[in-house]
Amino acid sequence: MEEKIKISLKKSTLDLLKKDCEDFKITKPNGTPNMNLFINTLIVNYYEEFSASEEGLHEEIRKALFSVPEAYKKKAFDEILRVISKRTSFSSLDKCTSTLSFKPVKSSEKAVGYIESIAIKNESISSFYRRMLTSYAQRPKNEREKILFKDTYELLCKAISKDVQVCLILKSGERQYDNMSLYSVSSAKDELFNYVLCYSRKNNHTLRLASIKNVYLLPDKSQIPEANKALFKRQVECGAQYPIYPSDDTPITVQLTEKGKELFKKIYLYRPTPISIDGDIYTFNCSANQLLYYFERFGENALILSPKRIGIFMRNYYHFALKKYRTIYGNNS
């Protein structure tokens, strides 16, 4: 397959695809984003699911045309498909479009061949790819990550269902984790990324799904102590991207000013969920790292009351920042 395939897309869709390629670290050997590999991987991993959804839609149309006379049924069906295939096309007035070109590779030959010979009906190749990529882009980011790393995700789920240990090899430096017991593959609450929660050698580990290069299932049964399972359970409830350690054994209380309460309502990203609110006192059961990362943006509008060690950490965070600013701007306001 030597010829490139060109696809017209909304600029916003193309920007999202490029951002996913970067965020999911699909790169060339020199570390730069590899859009050709990204698009080919997306097509290989998504074309069957997308084609199945298309066939499901076709079946719904056939049911809706049940009462149409047989002589007109095929024409009506084809006309409806033609209209649907244009639902993501652009008017002559729409200038916010971009062109994406990709070159099929050996691993995508089967998928591209299927699309060109079977899937396309009443539309161009570019139109079909545009609809497929648009469908992908409409998914939440954590679902898009599962599509891009479909084989890895399915192997992890298989290991969890079989309750067996795995060997994980990471992309960065070929690092290897042996005899890992998997707890779950969980999404962050903000629907950004997926995290693999696993246990080995008395420690809990949290890995990005996109960081895993290979998964090998082992014959040994999974073994996670109850205390570590409890930590994982809290982690999933509070935010899968923030590991919870045995030291995170005390609820954290924070006092918010009226402005702090407004900020808490407005700033959604990485926001911890309070287990209780008593006036201006908010109590959390999340990890210290999550709480510090979230409330460091509040300044004087959030005061950590307990545990003392976390309050001291935040005090020092602001103290050293203040020293830096004073070296530049002095002590006067």
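Read-outs throughout are calculated quantities, based only on the coordinates presented, and are distinct from any laboratory measurement. Note that the structure is predicted; figures quoted are calculated from it, not measured. Here the Cβ positions follow ideal geometry from the backbone for every residue, glycine too, while neighbour counts run over all protein chains shown.
Placing unit charges on the Cβ atoms of the charged side chains and taking the dipole of segment 147-238 about its Cα centre, the candidate lying farthest along the positive direction among Ser186, Asn203, Tyr216 is Asn203. Each principal axis of the Cα atoms in segment 147-238 has its own extent, and those three values, largest first, are 35, 31, 25 angstrom.
Applying Stokes-Einstein at 37 °C and 0.692 mPa s to the Kirkwood radius of segment 252-329, computed over alpha-carbon pairs, gives a translational diffusion coefficient of 253 µm² s⁻¹.
On the beta carbon distance between Ala52 and Asp249, with R0 = 35 Å, the FRET formula returns roughly 0.15. Packing around the peptides 253-261, 212-220, taken as the average count of other Cβ atoms within 10 Å per residue, puts them in this order, highest first: 253-261, 212-220.
Extension gain, Arg234 to Ile267, is 9.7 nm, computed as 0.36 nm per intervening residue step minus the present C-alpha separation.
Shown for His319, His205: other C-beta atoms within 10 Å of each C-beta, ranked fewest to most, produce the order His319, His205. Remark on segment 165-313: ratio of C-alpha radius of gyration to 2.2 N^0.38 Å is 1.18.
Only the Cβ atoms of Lys and Arg (+1) and of Asp and Glu (-1) were treated as charged; on that basis the dipole of segment 147-238 about its Cα centre amounts to roughly 140 debye. Pick out, from Phe295, Ile252, Ile281, the residue whose Cα sits farthest towards the positive end of the charge dipole of segment 252-329, with +1 on the Cβ of Lys and Arg and -1 on the Cβ of Asp and Glu. Of the listed residues, the answer is Phe295.
Per residue, the average separation of C-alpha pairs within less than 8 Å and at least 6 apart gives segment 252-329 a relative contact order of 36 percent.
Fewest neighbouring Cβ atoms within 10 Å first, the residues Tyr245, Tyr270 line up as Tyr245, Tyr270. Sorting the segments 44-52, 321-329 by their mean number of nearby beta carbons within 10 angstrom, highest to lowest, gives 44-52, 321-329.
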